[in-house]
Structure formats: structure tokens, C-alpha cells
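Reading through the C-alpha cells given below for one structure.
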Amino acid sequence: MLRIRSSVLALAGLLCVSASPAATVVEDFSTNPLSKGWRVFGETNLFSWNSTNRNLAVTWDSSRPNSYFYYQLGAQFTRYDDLSAEFDLNLADVASGVEPGKTGPLQIGFGFLNFAGATSTNFMRGVWGGAPNVAEFDYYPAGYYDFGGSPWPIVPTSTPSFISAVNSQHYAPAYLDAYEYELPTNQTVHVRLTYDGLSQTATLAATTNGMALGTLPGLVLNSPTNSQFTGIDDFRVDMFSISSYSSTGDDYDSVLAHGTVSNLQVTATLRAIGRLSGAFTTNGVWQAQFFGRSNWLYTLECTTNFGAWTRVSPTVRGTEENMILHDTNAVGAGSFYRVHAE
């Protein structure tokens, strides 16, 4: 809510909205996940359900086409929404340099992608700018780049990775040193990735037997130090995926790994209103600006006593972009505003 008194703007609290819808997937692999909405794109033999051990056996092989064990979430989620995924990962082995001349590490991925983009023929995760709409946890094994006979070592890295939609802008930590943690093999690691759309912050935690592997800092998307280009773009994701990425188009990196995934939980929550702000225009009209969703209707409302709210703008449909609502009346003293969403 935004309060106006004697032409002075004061922030009085948060806007009021109805409960935001969420997509939640809980998978313990006690029954065949393919009977519950999970699907495989690409090489089906890279993913195998183990009914006895209640897990999913996965092969990550960069010599094969992009392949996903995925669940479609039923809506598109953006950087203004909330995302989380946690699971148990047990790697039997993981190595780079498994393809001729490709000695650098390619990642194994767990997270949120855009189905149409990720399944297209030009989606190349190992190519700069070749994989838009990514919000995931990546693990890179050790490897090296050969620069004229002088190998440059690459240490294992566990990191959140976010890539925008339009210009494939990478939101990467300013320094990867803090994420240089090796995942142990033949030991269960619990991974938890969360993204908060309000603070624009991704957090990553990896534990074994309840003990943290290290202190992993948050990744703030709207921080200039975490963006490798100027300007802030958005992402659009609509599926969760355990991803085996191809090295097609990447002349340097490769990966081959085997392991299991179990006890998986995924939640994606739409925020009906994002980035709310309010101000007077140059001609004295009060306006509210916010990010609106396509399946929602928005109306600006005003009150002076909190006993009754009056609609002061037309009701408009969300546009999946920044929106502005104006008070069509003269602003009275002691007015409070809210954006009503339904």
C-alpha cells in the first residue's frame, strides 16, 4: 500500500493480493514416474527408474543429443516468481575430457528450463548465448583447457546458473571461487536450490549427512556485479528437468557421469504482482507501476479509512510485462492505494 498525505508519498506496507498459485511436484520414485506426468525427451536410455532402490538412474553423456527427464509445470515462471528444487544426488563417477579434444568440463544440470527452447535443435548449453531461459543448479567436474600446450586447470564447481530469455544474458557470480566445491562420489549429497522473486536472489545448499560442503553465497540477479552484460533481462521457464546436455557446437567441453537421483521436490509459485512502485506523474496524476501476469486482472483501488476500497482505474488484463495503472480521480489527502489482482 502507498499512502499520500499533503502531496507527500509514504510507503505504508505491502500490496494486498489473493493467494498465488503454485505448482508442486513431490517424487519419491516409489512408483513409475512416467505414469505420473514425467516424460523423457531425447535419449530415453539415459534415464532408468529403479523400483527396488526407489530412485532414477541417470547417465549424463555429452556425446549424445540433449536429453531431459522432465515435468511440465503448467505455467510460465519468470524472475519475479519463486522457484525451488531439492533432491538427493549420488554420483558414481563424473569426468570431463571424454570426447576427443574436449578436455574442459561440461555441466550436468538440474533445474528449470523453457520446454520449447530447450527441445529446439539450436539449444546448445555449452555455447555462449546458445541456451536462453535457464534457472538451474549445475555441477562441473574437474578439467583443463589447453592453450598452446599450456594446460589451464579447471577445478570442480557447484553453482546456480541463470540465463535470460532475449539476449541469453548470464547472471553469474562475480567470482566463482566461492562455488568451487567438489561433489563426492558414492555418497549421497542433498542439493537445495531456491530462488526468491521478490529479492531476486538464488541460494544454493549442498550437504552430506547434514553437514554443509561449504559456504555458498547467494546470487543476486539484479546486482550489476552478477551480470556479464549491461541491462536486465527476464527468463521464462515452464518445466523442471534433470538434464544431460550435448556438447554439439562446443569445441572444448565434455562430460560423462553416472549416478542416481531420489527424494525430489519441486515448487514453482507465481507472484501475481511484482516490483510494485508508485509515484506522481509530472501533471500530478497518481500511478502504480508493477509487473503483471497474463492470466490475471488488475485494478487500482483507493481508501481513506481502510473500511471501504474504491476502484479508481479500469480493470485491465495482465501482459507479462511492466504495467501502469492511473488514478482517474483527483488525489485526496490521506489516501492509500492498493493493486487488486484476481
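For segment 194-221, which positions are of a type in the set (S, T, N, Q) and more than 15 Å from the chain's Cα centre (by Cα)? Scanning segment 194-221 gives THR207, THR208, ASN209, THR215. Looking at segment 110-128 only, could you name the residues that are under 20 Å from SER63 (Cα atoms) and either charged (D, E, K, R) or part of a loop (DSSP other than H, G, I, E, B) (or both)? Listed by number, the residues that qualify are THR119, SER120, THR121, ASN122, PHE123, MET124, ARG125, GLY126, VAL127, TRP128. With respect to THR121, is the statement that it is assigned by TED's automatic domain parsing to the domain that holds ALA206, free of Cβ contacts under 8 Å to residues at least 24 places away in the same chain and among the β-branched types (Val, Ile, Thr) true? When the stated conditions are applied, THR121 passes them. Under the condition of being surrounded by fewer than 24 Cβ atoms within 10 Å (Cβ to Cβ), within 23 Å of ASN90 (Cα to Cα) and among the charged types (D, E, K, R), the residues counted in segment 109-148 number 1. Pairing each residue of segment 184-208 that is in contact (Cβ under 8 Å) with a residue 60 or more places away in the chain and of a type in the set (S, T, N, Q) with any residue that is surrounded by 15 or more Cβ atoms within 10 Å (Cβ to Cβ) and not in a strand (DSSP E or B), provided the two are 6+ apart or on different chains, yields C-beta distances under 6 Å for GLN200/LEU221.
Conditions (1) of a type in the set (Ser, Thr, Tyr); (2) touching an Asp or Glu at 6+ places or on another chain (Cβ under 9 Å); (3) free of Cβ contacts under 8 Å to residues at least 40 places away in the same chain, marked per residue:
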| residue | (1), (2), (3) |
| --- | --- |
| ALA23 | no, no, no |
| GLU27 | no, no, no |
| PRO33 | no, yes, yes |
| GLY42 | no, no, no |
| THR52 | yes, no, yes |
| ASN55 | no, yes, no |
| GLY74 | no, yes, no |
| ASP81 | no, no, no |
| GLY101 | no, yes, no |
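If you go through segment 179-207 and keep only what is farther than 15 Å from PHE137 by Cβ and either aliphatic (A, V, I, L, M) or exposed (fewer than 14 other Cβ atoms within 10 Å of the Cβ) (or both), you end up with PRO184, ASN186, GLN187, LEU198, SER199. Pull up segment 301-341, narrow it to residues that are free of Cβ contacts under 8 Å to residues at least 40 places away in the same chain and aliphatic (A, V, I, L, M), then point me to the one that is nearest to PHE77 (Cα to Cα). Here the answer is MET323. Is one or more of the residues making up segment 23-44 more than 24 Å from SER262 (Cα to Cα) and not β-branched (Val, Ile, Thr)? Within segment 23-44, none of the residues are more than 24 Å from SER262 (Cα to Cα) and not β-branched (Val, Ile, Thr). Residues of segment 321-342 that are small (Gly, Ala, Ser) and either closer than 14 Å to GLY278 by Cβ or touching an Asp or Glu at 6+ places or on another chain (Cβ under 9 Å) (or both): SER335 alone. So SER247 ticks every box in (1) surrounded by fewer than 22 Cβ atoms within 10 Å (Cβ to Cβ); (2) within 30 Å of ASP88 (Cβ to Cβ); (3) not hydrophobic (A, V, I, L, M, F, W, C) but one. Which box is left unticked? Failing condition for SER247: (1). Of all residues in segment 43-91, those that are surrounded by 21 or more Cβ atoms within 10 Å (Cβ to Cβ) and among the acidic types (Asp, Glu) total 2. A single member of SER254, SER294, SER277 is crowded, with 18+ Cβ neighbours inside 10 Å and not basic (Lys, Arg), and it is SER254. The set of residues from segment 325-337 being exposed (fewer than 14 other Cβ atoms within 10 Å of the Cβ) and at pLDDT 80 or above comprises THR328, ASN329, GLY334.
The values are calculated or read from the model by the stated rules, or taken from the named source; none is laboratory data. Computed from a prediction, not measured in an experiment: that's the story for all the values here. Here the Cβ is made from the backbone with ideal geometry for all residues, glycine too, and neighbour counts use every protein chain on show.
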